[in-house]
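Worksheet for the structure shown next.
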Amino acid sequence: MLFLLTGEVQIGKTRWLEALVDDLAASGVPSAGVLAPGQWVASTGEQADANGFEKRGIDNVLLPEGTRIPFARRRDIAQAEGSYDEESQAARAQLAWYIDDEAIAKVNAYFDQLGPAAAPGLLVVDELGRLEVWRGEGLTSAVRRLQEGPSPAFPHALVVVRDYLADETEALLVPAWTDMQRIAPDEAGRREVFAAFGRACA
């Protein structure tokens, strides 16, 4: 089963996914792939959310070892810091987030060498965006891995994708995954993932 975790921006998809990965591990189901937690700081500026925090960047955390790669900076911050590369994939795509090409290469290298888990597990990709779905760039190795379909090592996968990209993501992956399900970051979604592995939610 391929699960597409969708929803609006900043509704807690990654936090929900982090908790899901921990709960699956506790039930004997390993996860491999990448999580993308935000870099948040307390702020009273115009970019602050309702809770007084501002998202300034995004990390990529490689599962299961937990290696953390600084992955993206908000475009205005990267430009102010002088790290913005006009020739990068993110700049050419005019993304709101600046993603360093070297960081993309590191995550792709991880997916290229990803071996089987100790037990059948969940392959996690947080997230596929405009680079991957519209331009065939970005996390290309993650896409290739997903396009291989289910395997004994990873019979199920979970991909985070924005609502407006969900249909095109399905079209990109449907040849390999005949069973797909869209889920939200809620208890019903959690139950569906656990049920795929024959587990009951704790």
Using only the alpha carbons of region 161-202, what is the convex hull's orientation-averaged projected area in square nanometres? 3.5
Toward the positive end of the charge dipole of the chain, about the Cα centre and with charges on Cβ (Lys, Arg +1; Asp, Glu -1), which of Tyr98, Ser151, Ala195 goes farthest? Ala195
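Ratio of alpha-carbon Rg to the 2.2 N^0.38 Å globular estimate for region 78-169, to two decimals, please.
Details: Rg = 14.7 Å, N = 92, 2.2 N^0.38 = 12.3 Å.
Taking the Cα Rg and dividing by 2.2 N^0.38 Å, one obtains 1.20.
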Taking every other residue with Cβ under 15 Å from the Cβ of Glu170 and scoring Lys and Arg +1, Asp and Glu -1, one gets -4
Roll a 1.4 Å probe over the protein heavy atoms and report the accessible area of Glu187 in Å², nearest 10. 90
Dimensions of region 1-56 along principal axes (Cα, Å, largest first)? 43, 20, 17
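Roughly what % of Cα-Cα distances in region 44-103 sit above 19 Å, to the whole percent?
Numbers: 692 of 1770 pairs.
Here the tail beyond 19 Å accounts for 39 percent of pairs.
I need the per residue convex hull volume for region 1-111, using only the alpha carbons, in cubic angstrom as a whole number. Numbers along the way, then the final one.
Details: hull volume 15.3 nm³, N = 111.
Each residue corresponds to 138 Å³ of Cα convex hull volume.
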Roughly what angle does helix 13-26 make with the longest principal axis of the chain, taking Cα atoms, 0 to 90 degrees, to the nearest 10? 40
Expressed as an acute angle from 0 to 90° and rounded to the nearest 10, what is the orientation of the C-alpha long axis of helix 101-113 relative to the principal long axis of the chain? 10
Alpha-carbon Debye profile of region 77-118, log10 I(q)/I(0) at 0.32 Å⁻¹: -1.09
When the helices in the chain are scored as -39500 (n - 2.57) per DSSP H run of 4 or longer and the sum is shared across all residues, what 222 nm value do you end up with, to the nearest 500 deg cm²/dmol? -9500 deg cm²/dmol
Alpha carbons only, please: Rg and Dmax for the chain, in angstrom. 16.7, 50
With r as the distance between the Cβ atoms of Ala109 and Ala26 and R0 = 35 Å, compute the FRET efficiency 1/(1 + (r/R0)^6) and round to 0.05. 0.75
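The values are calculated or read from the model by the stated rules, or taken from the named source; none is laboratory data. Here the structure is a predicted model, which is why all the values come from computation and not from measurement. Backbone-built Cβ (ideal geometry, glycine too); neighbour counts: all protein chains shown. Quick note on the areas: whole protein, heavy atoms, side chains included, nothing else; ligands and nucleic acids left out. Shrake-Rupley method; radii C 1.70, N 1.55, O 1.52, S 1.80 Å.
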